[in-house]
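Working notes for the structure below.
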Amino acid sequence: MRFPLSIVRVTGDSMYPVYSNNDYVVAIRRPFFTIKPGDVVLLSQSPYGNMIKAVESTGRDWIRVHGFHQSSVDSKTFGDIPKKRIFAKVIFKIKS
């Protein structure tokens, strides 16, 4: 079994001012977390790749996410996504 925690570098400014380009976060991987509005998660969304976003709302099998920056590519661009695309939940930011 893989260790459930990962240190991940943030790329881009879609979550600015809370998370900036080159910040680091500690995230816990599936299946060790639940998802609720307000959580910050790591997800995979084609064609954009891996992303960090905040959870706006959830349904049984779907999730709606948003970035903090007004020009963020998020659910307003690609719609709701299946929960299975969420692969980790941010538990804290490493002070830089």
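The values are calculated or read from the model by the stated rules, or taken from the named source; none is laboratory data. Predicted model only: the values in this text are computed from it and were never measured. Counting neighbours? That spans all protein chains shown, and the Cβs are built from the backbone with ideal geometry, glycine included. Please note that ligands, DNA and RNA were not included when accessible areas were found on the heavy atoms of the full protein model with its side chains. Shrake-Rupley method; radii C 1.70, N 1.55, O 1.52, S 1.80 Å.
Rounded to the nearest 0.05, the FRET efficiency derived from the C-beta distance between K76 and F3 at R0 = 25 Å is 0.15.
Candidates F87, V73, Y16 compared by Cα position along the dipole of the chain: farthest toward the positive end lies F87, with charges placed on Cβ. Hydrodynamic estimate: the Kirkwood radius of segment 11-59 over Cα pairs, inserted into Stokes-Einstein at 37 °C and 0.692 mPa s, corresponds to D of 274 µm²/s. Helical content alone sets the calculated 222 nm signal of the chain at -500 deg cm²/dmol, taking -39,500 (n - 2.57) per DSSP H segment of four or more residues and averaging over every residue. Treating only the Cα positions of the chain as identical point scatterers, give the base-10 log of I(q)/I(0) from the Debye formula at each q in 0.13, 0.17 Å⁻¹. So the normalised log intensities are -0.39, -0.69. The portion of the accessible surface of the chain made up by carbon and sulfur, rounded to a whole percent, is 54 (1.4 Å probe; DNA, RNA and ligands excluded).
Normalising by the residue count of segment 1-66, find the relative contact order in percent from Cα pairs under 8 Å and 6+ residues apart.
Details: 96 pairs, mean separation 15.0, N = 66.
This gives 23 percent for segment 1-66.
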